[in-house]
Structure formats: C-alpha cells, structure tokens
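Peer 1: Take a look at the following structure, please.
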Amino acid sequence: MTDLNTLEADVLAQVAAASDLQALDAVRVAAVGKTGSISGLLKTLGAMSPEERKTQGAAINALRDKVQDAITQKKAALEAAELDARLASETLDLSLPAPYRRKGSVHPTMQTMDEMIAIFAEMGFAVAEGPDIEDDFHNFTALNFPEKHPAREMHDTFFFNPKEDGERMLLRTHTSPVQVRTMVSQKPPIRIIAPGRTYRCDNDATHTPVFHQVEGLVIDKGIHMGHLKWTLETFLARFFETDAVTTQFRPHHFPFTEPSAEMDVQCDRSGGEIKIGQGTSWLEILGCGMVHPNVLRACGIDPDEYQGFAFGMGVDRLGMLKYGMPDLRDMWSSDVRWLSHYGFSAFAAPNPASGLS
C-alpha cells in the first residue's frame, strides 16, 4: 500500500507540473497507457491469491480512477488557458471594409443553351448563327409557309414598317432562317444547330415575347426518321442526365417538314412539379420532322438526291423543366434575388467530360 501511495503522489505531481497538453499526454501514457506504471500493476493481479486480488485490485483501480480524473481536470485547465492566450493575442479589426463578394452569375437560359450546345457538339453538330432581323423569304417563303398562313399576320409576328419597295422586315419568329441560309450557302452534308433569340407576340407563364430556341438540321444522303429519333432521344437522356427517358412521337403539321411530329417525354406531375423519366403522364417537349422537299428545292438542293431532318425546341422551357422554375416571365423580371437563386457560376462551364449542370 505504501508503494501505491508513493506512486500516486509521484503521478499526481507530474500531472500538476505538466505545462502543456503534449507534456500532459506523456504523463498519461506513462501512467495509464498500455505499458504504463499503473497498467502494469493491474497485470499482476492474475498471479495473486483471491484475497490479495480483492484488496489490491480495489486499491489499484481507485488509483487509476484518481489519476484519470486529475488528468481530465488538468487537460480542461490547459485548454482554457490556451484559448485565453489566443483571444488575448489575436484581434479582428471590425472597422476594415468587408471583402469583395462576387455577385454576378450566369443566367439559367444561357446555362441551358451552353449545355445543349455541348451535347450536340459532342454528337458532331456545328453551331450556325444568323441575324435577328429577317426578311420574308428566309423566315417564311423558303420554309414553305403559304401566303395566308397565320404566322404572317400581325398578331403573331413583329413586323417593321414597309420599305419604299413594299418589303417588310420582321423579327424572326424562329431560328429556322439560319437553316435556310446554311442550305443556300453550304453544300451537303450538313449537320448544324442554330441557337438564338426569337420573337413572337405571346406572353403568359410559359411564353414570352422574346425567347430562345435551338433548332437542328441534318442534310445528307439516306437520312430517315430513325436518325431523327435516335438523335433526339440521345439528347434528352444527356440533357436530363438520366437513362430512363421514355418518348413518343405524335403526327403533327409543320409547313417546313413532311412527315412532321411532336415529341412527348414521359413524366410525373404529382407533388406540384414535373419529374422527367418517371410517372405515366406525357409532356410535349419539341417539334420535328423530315425536311419538306419544297424547302430543299427553295434552297437549291435536289430532294431526289438528299434528305434531311429538322427539329426545334425552346431553351427557356427546357431550363424550366430541368431546374424547377415555375414561371417563364421571372426570367425577365430583373430580380437579382431570383438570379442569385437560379444563377450558375461563370467558372463552371458545362461540358460532357466534367458534367453539364
């Protein structure tokens, strides 16, 4: 027992003398570690008689508990002293100006368009552009629009005042004029997409007078609807980042394609939101079809030798579906709070390698 009292006094003195956490931990290891002095005494209990084990075991365990309590209290005191020293030596001048906070972000429409371009570029499509102000030939006549078609009326198209020769320029109602300009200036094979702004007299939760489209055009020998279907289904799977995209094609009418179709994607409308790739509902997502022979002839391409397909989709509406934006008009509200919520970092340009969204 005298040896235990001596050991206790010695260890407690070392604990009290520890000047920092590192020194205290060394005392702990030397006393109650696996090879420590107190741990060594516990290992001798197996060789004692039952009576000695009962007496010595209680004493050694009491010593171990006392030493551990002392170490715990000393550690708390050292940590408090260390914190006080840091608080006394470290200061923060609150009068300094706040650091610059980056406020700008990429608009969801531009982010969505960049994602679409990245996907089609990987599929071998080039990007083609054209003017926002168009003439009647490129916007209507070359695309097989009849003279009395509703799109030629004031309620659907923004027309400029007539020129001296009677011609009326207009704000393009789709990016299809870019397809016409490409077919006129370039010989097949052609594989392009035409992203850009378009204009129509329309305004509600899913339509605005100014909106964005990406249209696609492929002209080559032997092109058929199977190529169109594969291209669009591959794009949607990549864009919505899921392999579970299910689509259907419904017959439709467009003056510039024959046959024409609208493409629906399967979705779930429950819970007040639209989830692509699940559910049993259908959502119209784009229009498409085989390029009408009259369009090919108007652009100087022989429809007996070349065939092609075309498609068009709204960039803003696809962005709404992917990122859960309920009202298209919010994109034009100039509300920085909305943009800070839905905006994207300018340093995270979408690409198929590192990810799109």
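Quick note: the coordinates plus some simple rules give every number you see, no bench work behind them. The model shown is predicted, which means the values in this text are computed figures rather than measured ones. Glycine gets a Cβ as well: all are built from the backbone with ideal geometry, and neighbour counts include every protein chain shown.
Peer 1: Considering only DSSP states other than H, G, I, E and B, which trypsin sites (Lys or Arg not before Pro) in the stretch 143-196 qualify as loop sites with at most 11 other Cβ atoms within 10 Å?
Peer 2: Hits after loop and neighbour filter: K148, K163.
Peer 1: Could you tell me which label, among [x] 5, 17, 20, 13, 6, 5, 8, 9, 8, 6, 3, 0, 0; [y] 6, 29, 39, 23, 2; [z] 5, 22, 31, 23, 11, 5, 3, 0, carries the value of P(r) over Cα pairs in 10 Å bins from 0, in percent calculated for this structure?
Peer 2: [x]
Peer 1: Can I ask one more? What angle do you read, to the nearest 10 degrees and between 0 and 90, between the alpha-carbon axis of helix 2-17 and the longest principal axis of the chain?
Peer 2: Helix 2-17 sits at roughly 40 degrees to that axis.
Peer 1: Work from the charge dipole of the stretch 38-161 (Cβ charges, +1 for Lys and Arg, -1 for Asp and Glu, about the Cα centre) and give the residue of A70, T55, N144 farthest towards its positive end.
Peer 2: In the stretch 38-161, that residue is T55.
Peer 1: A further question on this structure: If packing is taken as the average number of other Cβ atoms within 10 Å across a peptide's residues, how do 51-57, 24-30 rank, most packed first?
Peer 2: Going from most to least packed, we get 24-30, 51-57.
Peer 1: Helix 225-239: angle to the longest alpha-carbon principal axis of the chain, degrees 0 to 90, nearest 10?
Peer 2: Its long axis makes an angle of about 30 degrees.
Peer 1: Moving on. Roughly how large, in nm² to one decimal, is the mean projection of the convex hull of the alpha-carbon atoms in the stretch 4-131?
Peer 2: 20.2 nm²
Peer 1: Mind checking the stretch 63-96 for GluC sites (Glu not before Pro) that DSSP puts in a loop (not H, G, I, E or B) and that have at most 13 other Cβ atoms within 10 Å?
Peer 2: E90
Peer 1: I need the per residue convex hull volume for the stretch 81-146, using only the alpha carbons, in cubic angstrom as a whole number.
Peer 2: Taking only Cα atoms, the stretch 81-146 has a hull volume of 229 Å³ per residue.
Peer 1: At a Förster radius of 41 Å, what calculated FRET efficiency corresponds to the Cβ-Cβ distance of W230 and E167, to the nearest 0.05?
Peer 2: Rounded to the nearest 0.05, the efficiency is 0.50.
Peer 1: Next question, about the same structure. For the chain, build the charge dipole from Cβ charges (+1 Lys, Arg; -1 Asp, Glu) around the Cα centre, then report which of T175, M325, A98 sits farthest towards its positive end.
Peer 2: Positive-end residue among those listed: A98.
Peer 1: Would you grab the residues whose amide H sits under 5 Å from the one on V291? Only those 5+ places off in sequence or on another chain, please, with H modelled 1.01 Å from N.
Peer 2: Correct list: E258, G308, F309, A310.
Peer 1: Mind putting a number on the dipole of the chain about its Cα centre? Charges go on the C-beta only, +1 for Lys and Arg and -1 for Asp and Glu, and I need it in Debye to the nearest 20.
Peer 2: Approximately 720 debye in magnitude.
Peer 1: Can you check what the net charge comes to around E8, using other residues whose Cβ is under 14 Å from the Cβ of E8 (Lys, Arg +1; Asp, Glu -1)?
Peer 2: -2
Peer 1: Under 16 Å from a point placed 7 Å out from the Cα of D3 along the Cα-to-Cβ direction: which residues of the stretch 15-50 have their backbone N that close?
Peer 2: 36-49
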